[in-house]
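The structure under discussion appears below in the form of C-alpha cells.
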Amino acid sequence: MKTQDSWKNKGIRWQVIFSFLFSWLCHSVSAQLHYSIDEEMRKDSVIGNIAKDLGLDIKQLSLRKFRIVSHISEKYFLVNLQNGNLCIKNRIDRESLCGRAAPCLLRFDAVVENPLKVVPVTIEIKDINDNYPKFYRETIALEIIEFTSPGTHFILQNADDPDIGINSIQTYKLSDNQHFTLSEKTSTDGSKTPELVLEKNLDRETQSIHELILTALDGGNPIKSGTALIKLIITDANDNFPIFTQEIFKVSINENAPINTTLLHVTATDQDEGPNSHLTYSFRKTSDNDISTAMFNINATSGEIKTSRRLDFEDVQNYELSIQAKDGGGLVAHSKVLIEIIDENDNAPEISISSLSSSISEDSPPGALIALIIVHDKDSGENGEVECFITEKLPFQLILSSTKYYKIVTTKAMDREKESFYNITVQASDRGSPPLSTTKTIKLDISDINDNPPVFTKSTYVAYVPENNLPGTSIYSIHALDFDIEENAKIIYSISSTNMEDIPVSSYLSINIETGILYAQRSFDYEQHKEFQIQLTAKDNGSPSLSSNTTLVIHIIDQNDNSPRILYPSTENDGTALFELVPFSSMEGSLITKVVAVDADSGHNAWLSYHFMQVSEPSPFSINQHTGEIRTSRVFEQKDVFKYKLVVMVKDNGVPSLTATATLSFIIADSFLQVAPKFTSKFNEEDSPPNLQMYLVIALALISFLFIITIMLLIISKCKQSKSPPAFGSFSTNLYSQVDPRMLSQYNNGTLPYPYPYNVCVAWDSSESEFTFTKPKQDVPTDNLIDADDSGLGNEKLTEPLPSNSLEKVSDYYWT
C-alpha cells in the first residue's frame, strides 16, 4: 500500500512539473496558463505558484487586487495572496463536473489591477479510479425460449462506471456454466455491451432457471469491479427478435419547443406472428437514462417520442435515450436516440462589475479608471457574442480589455460644479435574431476639491446707517457664494482693513464670521464720522483656503440731534441784562445788529430760520428769517418807548425741529444821558411816598458821583495802555478806542446762505456810535464770525454792564 502511494505521489509530482512546463510554454506563447491536477485532491493542496508563473511581484498582490474571476471555478480554487500559491478550495469530483466528457477543464481569469491585466487560466481535471463499476439492477431477468438455437446472442445490461479512459469499464466476465458464454459488442460510439451467447441447447424441462454471475471490470490500478445476477427463465419458443429500423436515431429540436412536441417515431419489426409480434416500446432503465427519460416520454404502442418538460440548451445540449422494443414473447430489441438541442437567443447578456470606484475627485486626469465590468451571455455562437457600449453621450469611454472585459475610463477632466454625479448606463447587446440586450446603470459621484473661491455679488456695497443707532444692532448683511460643497463651501467673514486712521475698526464695527451680519459696536455720530470705508474678506474652509474681498462704504445719515447754537449775542453771562443803544435818528431799514447761529447738523437739519417771540405791540424792528439781521422797520417817534426787549428764536428745519433763543434789549436814544431823566421821572411817578423821594435823590447823587469817578479811571487807564484798549459797557460815552472805522466781516457758514459785509463805525462821542457788540464767548471761533487781525480788533468787549453798586437800582426799576 505504501509503495502504491509513493508511486502515486511521484506521478502527481511529474504531472505538476509537466503542467508547470506546459503552462510556462503556453504563457510565453499565448499569454495563458494551463495546469493539470488529479481529482479528489485534498483541500489546501498547492497546484502551483500562479504569481511567479504570471511574473508578478508577490509583495504587490494585495495592492494590485489579484483575484480569480469565474462563475464556477471560484468555488474550487483560491489564491494565497501571501505567497502567490494557487490552492484547492473544495473537493473536486471530475464525474460531477464533467461526467464522461474528456478532457475535463475548469477555466477562470486571473485579474490584476494597476495596471489592469487579465490572463485566462485553464485547469485540467484528470480522472482517478475512484468509482466501482455498478449495474443499474442487481438482478438481470431474461426469458429464453427453449428452442433457441445455439449461437444466439442475448444483450445484457451495461454496467456503469463514472470514470473515463483506462479507469472505466474495460471488460466483462461471466461465471462458469455449461450453456452460455460471454461476448462484447462495441457500438459506433465506442461503448461495450455484454452479450450472452447460447452455446448449448436448452431444455426447459431439465432446468427451467439458470443463474449466472456477470462481472464488470475497469482498467484502474488496482482494478475495481461490480457484479450482477443473471436470472435466465426458459420459456416456450419465440424464435424471432424484434429489430429496430435504425441502430441509432438522431434528431434535433429547438430549446424553446413547447411541451408535448413530437421528436420522432421509432419503429421496430418482428417476423413472428400473433402475440409474439406485438411490440411494446419503452425506455430502457439505466443510470444514464434517468435524467433523459424524465424530459421525454414514449408511446408504448406507436413508438412516438415527445417532450414532457421544457428544454434548456444552457443546461443540457445533448440527450441520449436508450429505448427497447419487446415482443409478446419477451424478446427485446435495443436502440439509441440521440437528441441535439438547438440553441436559441433566449438569454440576455449579463453585466457584472468586478471593480468599481463609487466616486472620483474632480481633478482626476483623463483616462482614470472608473469600473471594470464583465459581460457574459449563456447562449452560444452568435447568440452569445456581445457588444457593449455606453448609451448616452458622457465624458466616459468603454474600452475592450479582453473578450469579455471592459474598462470604463474618463475622457476629460471632471467639474463637480457643473455635474455633481453621473449615471453611466452600459448596454450589452448580443448578435442573436432578434438581439437581446441588458442595461446596467453605475452611479458615479464627483468628489469636490476647493477650486472655487467665495464670490461676492458686488465689488462694492453701500450701506446707509442713521446716526445715534443703538449699540449692538445689525446695520448690514453681506453674503458670498461658494460653488464648492461641505467644508470647501463653509465661509468665514472678516473685516480686513479700514480707512480710519489710528482708530481700530473693532471699536466701531464687528461681523458675524458665519452669517456676514455687521453690528455696530457703538452709536455713530454724523458730526464726527460721516463715512466709513472698510474692506471685507470672505474665506472658505478648504485646504488650501481661498478668499475674495469686497468694499463696504457706510454712509452715516444725519439726524436732527443738535439744537442751533447762537454765537452772537452770547447767551452765557452772569445774569446781568445786556442791552444796546439804538440811535433815535436811525433811518428805516438801518442795520441794528445780527443774530449769528450755527447748527452742527447738515442738510435740511442745518437750515436755520430766525423769528421774533413775545412781541406784544407793533415793533419798530424786523428780522430777516434767513440771515438773522435785525433792522429798523420805521423811523422812531417821540411817543415811542425808549426801551425794547426782543426775544429771538432760532429754529432749524429738522423733524421735529429744534430751537434756541436769545434775548436782545435795545435803548432808543442818542446817548445814555438822554434816557437817565426818563429813568428818574418814571421812578418818581411810580414811587410817590414822600420819604422815598429823599432816598432817590441820595441814590442819584451817589450814582452820578460813582459814574464820574469811573469815567476818570477809564481815561487814565486808556492813556497808560495804548495797545490794549479797555472794554467798557454800553452806558459809557466817549470811551471807545481809536480803531479803523471800517471793519469788514465776511463770515460764512453752513447756517448762513450768503456772506454779508458789515461796516462798524465807532466814535469818541457816544452820540456818534451806530453799532455796539458784546464780547463773544472765548470758545466761539470768532475768526470766522468777524474778520480781525492779531491786534484784537473784533474781539473787544464793546458792551458791558455798569457796576452793580451804581446802576443796580436803576436797572431793577428799568426792567421792572
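The values are calculated or read from the model by the stated rules, or taken from the named source; none is laboratory data. Because the structure is predicted, anything quoted here is derived from the model rather than measured. With ideal geometry, Cβ positions are generated from the backbone for all residues, glycine too; neighbour counts draw on all protein chains shown. Keep in mind that these areas ignore ligands, DNA and RNA; they rest on the heavy atoms of the full protein, side chains included. Shrake-Rupley method; radii C 1.70, N 1.55, O 1.52, S 1.80 Å.
Side notes on the structure shown:
- Yes/no for Arg107 being more than 22 Å from Lys404 (Cα to Cα), open to solvent by 50 Å² or more (accessible area, probe 1.4 Å), not in a helix (DSSP H, G or I) and not aliphatic (A, V, I, L, M): no
- Counting the residues of segment 172-186 that are open to solvent by 50 Å² or more (accessible area, probe 1.4 Å) and assigned to a strand (DSSP E or B) gives 5.
- When the strands (runs of 3 or more DSSP E) confined to segment 195-289 are screened for residues that are under 30 Å from Asn345 (Cβ atoms) and of a type in the set (Gly, Ala, Ser), those reaching at least 1 such residues are found at 248-254.
- For segment 464-474, the tally of residues that are buried (at least 16 other Cβ atoms within 10 Å of the Cβ) and at pLDDT 90 or above stands at 1.
- Note on segment 379-411: among residues that are farther than 17 Å from Ile442 by Cβ and surrounded by 17 or more Cβ atoms within 10 Å (Cβ to Cβ), the one that is modelled with the lowest pLDDT is Lys404.
The rows are residues; the columns are (1) open to solvent by 20 Å² or more (accessible area, probe 1.4 Å); (2) farther than 30 Å from Gln638 by Cα; (3) at pLDDT 85 or above.
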site	(1), (2), (3)
Glu580	no, no, no
Phe584	yes, no, no
Lys594	no, no, yes
Ala597	no, yes, yes
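- Odd one out for Ser335 among (1) of a type outside the set (A, V, I, L, M, F, W, C); (2) touching a residue at least 40 places away in the same chain (Cβ under 8 Å); (3) part of a loop (DSSP other than H, G, I, E, B): (3)
- Some residue of segment 613-620 being closer than 20 Å to Val582 by Cα, assigned to a loop (DSSP other than H, G, I, E, B), open to solvent by less than 50 Å² (accessible area, probe 1.4 Å) and at pLDDT 85 or above: yes
Yes or no, residue by residue, for (1) part of a helix (DSSP H, G or I); (2) at pLDDT below 50; (3) open to solvent by less than 80 Å² (accessible area, probe 1.4 Å):
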{"residue": "Asp5", "(1), (2), (3)": "yes, yes, yes"}
{"residue": "Val16", "(1), (2), (3)": "yes, yes, yes"}
{"residue": "Leu21", "(1), (2), (3)": "yes, yes, no"}
{"residue": "Leu25", "(1), (2), (3)": "yes, yes, no"}
{"residue": "Val29", "(1), (2), (3)": "yes, yes, no"}
{"residue": "Ser36", "(1), (2), (3)": "no, no, yes"}
{"residue": "Asp44", "(1), (2), (3)": "no, no, no"}
{"residue": "Ile47", "(1), (2), (3)": "no, no, yes"}
{"residue": "Asp53", "(1), (2), (3)": "yes, no, yes"}
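- Candidates Asn452, Asn488 - the one that is open to solvent by less than 50 Å² (accessible area, probe 1.4 Å) and in a loop (DSSP other than H, G, I, E, B): Asn452
- Looking only at segment 117-138, and only at residues there that are out of contact with any Asp or Glu (no Cβ under 9 Å at 6 or more places or on another chain) and open to solvent by 30 Å² or more (accessible area, probe 1.4 Å), the one that is nearest to Gly165 (Cα to Cα): Glu124
- Thr439 satisfies every condition listed in (1) surrounded by fewer than 17 Cβ atoms within 10 Å (Cβ to Cβ); (2) touching a Lys or Arg at 6+ places or on another chain (Cβ under 6 Å); (3) among the β-branched types (Val, Ile, Thr) except (2).
- Breaking point among (1) surrounded by fewer than 21 Cβ atoms within 10 Å (Cβ to Cβ); (2) in contact (Cβ under 8 Å) with a residue 12 or more places away in the chain, for Asp315: (2)
- Restricted to segment 412-436, and to residues there that are of a type in the set (Ser, Thr, Tyr) and out of contact with any Pro (no Cβ under 7 Å at 6 or more places or on another chain), the residue that is most open to solvent (accessible area, probe 1.4 Å) is Ser433.
- Condition check for Leu372: open to solvent by less than 20 Å² (accessible area, probe 1.4 Å) and within 40 Å of the chain's Cα centre (by Cα): yes
- For segment 501-515, residues that are crowded, with 16+ Cβ neighbours inside 10 Å and at pLDDT below 90 total 3.
- Some residue of segment 413-424 being assigned to a loop (DSSP other than H, G, I, E, B), farther than 21 Å from Ser354 by Cα, touching a helix residue (DSSP H, G or I) at 6+ places or on another chain (Cβ under 8 Å) and hydrophobic (A, V, I, L, M, F, W, C): no
- Just so you know, in segment 290-304 the residues that are part of a helix (DSSP H, G or I) and surrounded by 14 or more Cβ atoms within 10 Å (Cβ to Cβ) include one that is modelled with the lowest pLDDT, and it is Ser292.
- Qualifying residues in segment 527-573 (those that are touching an Asp or Glu at 6+ places or on another chain (Cβ under 9 Å) and charged (D, E, K, R)) - the one nearest to Ser609 (Cα to Cα): Arg565
- Scanning segment 319-327 finds no residues that are closer than 23 Å to Arg431 by Cβ, crowded, with 16+ Cβ neighbours inside 10 Å and touching an Asp or Glu at 6+ places or on another chain (Cβ under 9 Å).
For (1) in contact with a His (Cβ under 8 Å, 6 or more places away or on another chain); (2) among the hydrophobic types (A, V, I, L, M, F, W, C); (3) part of a loop (DSSP other than H, G, I, E, B); (4) surrounded by fewer than 16 Cβ atoms within 10 Å (Cβ to Cβ), each residue gets a yes or a no:
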| site | (1), (2), (3), (4) |
| --- | --- |
| Arg522 | no, no, yes, yes |
| His529 | no, no, yes, yes |
| Leu536 | no, yes, no, no |
| Ser543 | no, no, yes, yes |
| Thr550 | no, no, no, no |
| Ile556 | yes, yes, no, no |
| Asn562 | no, no, yes, no |
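- Of all residues in segment 629-663, those that are within 25 Å of Met587 (Cβ to Cβ), open to solvent by less than 70 Å² (accessible area, probe 1.4 Å), of a type in the set (S, T, N, Q) and assigned to a loop (DSSP other than H, G, I, E, B) total 1.
- Candidates are the residues of segment 190-230 that are open to solvent by 70 Å² or more (accessible area, probe 1.4 Å) and of a type in the set (D, E, K, R); the one that is farthest from Gly274 (Cα to Cα) is Lys192.
- Residue pairs whose Cβ atoms lie under 6 Å apart, sitting 6 or more positions apart in sequence or on different chains, and linking a residue in segment 278-306 that is over 20 Å from Thr267 (Cα atoms) to a partner that is surrounded by fewer than 16 Cβ atoms within 10 Å (Cβ to Cβ) and at pLDDT 80 or above, are Met295/Arg309.
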